[in-house]
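This report refers to the structure that appears directly beneath it.
Only the coordinates and a few stated rules stand behind these numbers; no lab work does. All values derive from a computational prediction rather than experimental measurement. No Cβ is skipped: glycine too gets one built from the backbone with ideal geometry, and neighbour counts run over all protein chains shown.
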Amino acid sequence: MDELLENIATCIEFGKINTGSPFPPDMRGKKGADEYTREALDAGINPHTVLTRGLMVGMDKVGKKFRENKVFVPQVLMSAKAMNTAMEHLMPFFYSGDISAKGTFIIGTVFGDLHDIGKNLVAMMLKGNGWNVIDLGMDVATDTFLKTLEGHPGAVVGLSALLTTTMANMHQIVERIKEKKPQTIVAIGGAPVTQDFCDKIGADIYSPDPQGLLEDLDNKLFAR
Amino acid sequence: MKDIMTGQERIRKAMRREATDRVPWVPFVGVHGGYLLGIAADEYLKNSEAIARGVGKAIELYQPDGIPVVFDLQVEAEALGCKVQWSKDNPPAVISHPLAEGKSPKDLPELDAGSGRIPVCLEATRRLRETYPEHALYGLITGPFTLALHLAGTNIFMQMMEAPNEVNALLEFCHDITCKMAGWYMDAGCDVIAVVDPMTSQIDPASFEQFVFPPVTRLFEMIRNRDRLSSFFVCGYAQQNIPAMCACRPDNISIDENIPLEYVRKVAEKHGISFGGNLKLTSVLSMGTPGEVEIHALETLEEGGDVGFIMAPGCDLVMGTPPENLQAVTRILADPYHREFVKTVRSAKVEEEVPDLTDHWNADKVVIDIITLDSSSCAPCQYMVEAMELAARPYGDKAECNEYSIKTREGLQMMSALGVKNVPVTVMDGEILFVSQIPPARNIEKAIQKKLRDKKLL
């Protein structure tokens, strides 16, 4: 069982999707996250164990390497793609209740901003870490965040902005959320965003990288 | 100090790592040019006459050595069929990627000098060339990797891993576009071609070498063959790729605040090329005070050194950057006395006590305080002290001149007590009267007489 889980983690870490995928070159022709996940479930390993000791371990490793500038966006996207493939095998267990998500995370790029690479990366890492992610896309209005929050009480909201001008919109959204749902945890991120800015606008979490967000979320949840 | 080089000469020499009379300054004015004219970004970037006026205004205000004509990385993508969304206070954003919608590069419109907004950019260049023959004009083109992302969307990141040959072919297509754009800008009169490729900050050095190095190196070679200069700009955290960027053999690399200037300086020196940057765009240039900008510019200057360094913001200036903040950068570069002043004040202890000046004033005379850097090393300071002493002499005991050098503790205390922010400055009975400029003798005399009359001593 351990070997299978380790293989899943390795495939996720290095972005090996399935036998046919050419990347990474040194794993060409070998099995990928797709096959190993299926095998693990067929061998009777608990789906929750597959998620936490296979997929999440791999995503955690790639997240740390990303933070340390050892890998970059293309490699992380390959890991996320491998993870999504593995996740397809696990989805039925989420629906049946055999696996429960850590929580719901509503994410979007704030209105006026049409940049989504960072937001997509964060969304993928969250999924790989066991979160139920609702991705509202780009250029998202304050009301859309609020409405989605209505339907998912207790969800965490994540706001992304790449432009200095749209950072101001972030401020507006945080204010409205805190006014309507003061208990909501709001996380912010994006190239121009800083901890200073986060403190100034009353957001709860800022992290320069997805891994930091995952850790902060775990801490906040633990504190709850 | 009188400038002895033109901006063009200063940039050319700095890019060749030769000595210059001072560090050159290139404010990356993009839609900020529209702000200076009170025109929204979406209007400004479509109008060559407005661009020429906006950049002209920036040249007057900031006295740069070089300046970009247009800073908009969507021009080529838009001309090739990407849809863009316009904004009032930013350059437009690309919102559709034709190659992700089933098209191939050969289905895209043929790019010529009349495509999209390219004629606007070229016409603005020609106008500026005519009006400003001595400034270095930068023609900014979208780098091949960023252009490829505009055309194909973010799937390109995964294609790099899964279908590298296709990505190489796309970059080859983008290389042809960059060569065309560079050629048109050079024909229109640009001195420097800046290849702006911010998306390369997202990839690892091996991918950079595989996909970006070949097309960009050939582009720089083409620019060099036409005896023009080249710069490679990248915004964002791109430290991992700096050595590979230098290896592409541009004349200059320019980076933003995400990368320590000291590191870039070291790598650029090793490759024998010049470098520029990395003034903080938002926290200091846009949101800081002129005083904060001066200190930041001074620190940046110290880190950059005076060989092969070009002072510039990290990237495209925020549209509403206060002009006085950019003028603060100009002051630090162009006025050695002011630079020295800022340096001295910076190193002073912040907890300096502000002295009580009650006993300093005197009902029987006018007290003339001259705050200087110190009159032996600062020529304007020396002239101001001499002018005041000469003007005060005829009034004997009724006029007292004191020089306070800010290199002393007492001088610094007086400076803060009198609210002085510059040197040399003359203060009479607590009123700041003459700042930096040495006034004509007649004006000094009038000022002394007025103070004496106020005290009924004349």
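Could you tell me which residue out of B:GLY276, B:CYS82, B:CYS381 lies farthest along the dipole of the protein assembly as shown toward its positive end? Charges go on the beta carbon: Lys and Arg +1, Asp and Glu -1, centred on the Cα centre.
In the protein assembly as shown, that residue is B:CYS381.
Could you work out, for segment B:46-142, what percent of all Cα-Cα pairs fall into each 5 Å distance bin, beginning at 0 Å and stopping at the bin that holds the largest distance?
Answer for segment B:46-142: a P(r) of 2, 12, 21, 21, 16, 12, 8, 4, 2, 0 percent.
Determine by what factor the alpha-carbon radius of gyration of segment B:358-454 differs from 2.2 N^0.38 Å, reporting the quotient.
Values: Rg = 12.3 Å, N = 97, 2.2 N^0.38 = 12.5 Å.
Output field value: 0.98.
Under a point-charge model restricted to the Cβ atoms of Lys and Arg (+1) and Asp and Glu (-1), what is the dipole moment magnitude of chain A relative to its Cα centre, in debye to the nearest 20?
Values: 23 positive and 28 negative charges, 18 e Å.
In total the dipole reaches around 80 debye.
Name the residue from B:ILE432, B:PRO250, B:ALA148 whose Cα lies farthest towards the positive end of the charge dipole of chain B, charges +1 on Cβ of Lys and Arg and -1 on Cβ of Asp and Glu.
Of B:ILE432, B:PRO250, B:ALA148, it is B:ILE432.
For segment B:299-358 and segment B:383-458, what is the centre-to-centre distance using only Cα atoms, to the nearest Å?
26 Å
Determine which lysines satisfy two conditions relative to B:LYS106: a Cα distance under 25 Å, and not lying fewer than 8 residues away in the same chain.
B:LYS83, B:LYS180
First select every other residue whose beta carbon is under 9 angstrom from the beta carbon of B:SER375; then total the charges, Lys and Arg +1, Asp and Glu -1.
Values: positive: none; negative: B:ASP374, B:GLU386, B:GLU403.
It works out to a net charge of -3.
Please give the net charge around B:PRO198, taking every other residue with its beta carbon less than 12 angstrom from that of B:PRO198, where Lys and Arg add +1 and Asp and Glu add -1.
Values: positive: none; negative: B:ASP197, B:ASP256, B:ASP316.
My count for the surroundings of B:PRO198 gives -3.
Under a Cβ-only charge scheme (Lys and Arg +1, Asp and Glu -1), can you give me the dipole magnitude of segment A:2-96 about the Cα centre, in debye to the nearest 20?
Working: 12 positive and 12 negative charges, 82 e Å.
The calculated dipole for segment A:2-96 is roughly 400 debye.
All other residues with a Cβ under 12 Å from the Cβ of A:LYS64 taken together, and with Lys, Arg as +1 and Asp, Glu as -1, what is their net charge? Walk me through the intermediate numbers first.
Values: positive: A:LYS61, A:LYS65, A:ARG67, A:LYS70; negative: A:GLU13, A:ASP60, A:GLU68, A:ASP209, A:GLU215.
Result for the neighbourhood of A:LYS64: -1.
Report the Cα centroid-to-centroid distance between segment B:12-55 and segment A:182-200 in angstrom, as an integer.
33 Å
Grab the eigenvalues of the alpha-carbon gyration tensor for segment A:75-224, scale each by 5, take roots, and send me the semi-axes largest first in whole angstrom. All intermediate terms of the calculation are to be shown ahead of the outcome.
Values: eigenvalues 118, 61, 41 Å².
So the equivalent ellipsoid measures 24, 17, 14 Å along its semi-axes.
Could you pull the Cα extents of segment B:288-387 along its three principal axes, largest to smallest, in whole Å?
57, 28, 25
Taking the 0 to 90 degree range and rounding to the nearest ten, how far is the long axis of helix B:261-271 tilted relative to the main principal axis of chain B, both from C-alpha atoms?
Orientation of helix B:261-271: about 60 degrees from the principal axis.
Tell me which of A:SER96, A:PHE145, A:LEU114 sits at the most positive position along the dipole axis of segment A:76-163, charges placed on C-beta atoms (Lys, Arg +1; Asp, Glu -1).
Checked the options; the winner is A:SER96.
Between 0 and 90 degrees, rounded to the nearest ten: what's the tilt of helix B:409-418 against the longest Cα principal axis of chain B?
Compared with the principal axis, the helix lies near 90 degrees.
Using alpha carbons only, how many angstrom separate the centre of segment A:109-180 from the centre of segment B:62-80?
Value for the Cα centre distance between the two parts: 31 Å.
Starting from the Cα-Cα distance between B:GLU60 and B:GLN210, subtract it from 0.36 nm times their residue separation and give me the gain in nm to one decimal.
Value of the extension gain: 49.7 nm.
Can you give me the Rg/Rh ratio for the protein assembly as shown, using Cα atoms for both radii and the Kirkwood formula for Rh?
Details: Rg = 29.9 Å, Rh = 28.2 Å.
Taking Rh as the inverse mean 1/r over Cα pairs, Rg/Rh reads 1.06.
Kindly rank B:444-452, A:117-125, B:386-394 from highest to lowest mean number of other beta carbons found within 10 Å of each residue. Walk me through the numbers before you get to the answer.
Details: B:444-452: 18.1, A:117-125: 22.0, B:386-394: 16.6.
The densest-packed peptide leads the list: A:117-125, B:444-452, B:386-394.
Under unit Cβ charges (Lys, Arg +1; Asp, Glu -1), what dipole magnitude, rounded to 20 debye, does the protein assembly as shown have relative to its Cα centre?
Approximately 520 debye in magnitude.
Averaging sequence separations of C-alpha pairs under 8 Å and six or more residues apart, then dividing by the length of segment A:104-223, give the relative contact order as a whole percent. Before the final figure, lay out the partial values.
On the way: 196 pairs, mean separation 31.1, N = 120.
It rounds to 26 percent for segment A:104-223.
Normalised by the number of residues in chain A, what is the relative contact order in percent for Cα pairs under 8 Å and 6+ residues apart? Walk me through the intermediate numbers first.
On the way: 376 pairs, mean separation 36.8, N = 224.
Contact order relative to length: 16 percent.
Nearest 10 degrees, 0 to 90: what angle lies between the long axis of helix A:210-223 and the longest principal axis of chain A (Cα atoms)?
On a 0 to 90 degree scale, this one is about 80.
State the volume of the convex hull built on the alpha-carbon positions of chain B, expressed per residue in Å³ and rounded to an integer.
Spelled out: Cα convex hull of chain B, divided by residues, is 150 Å³.
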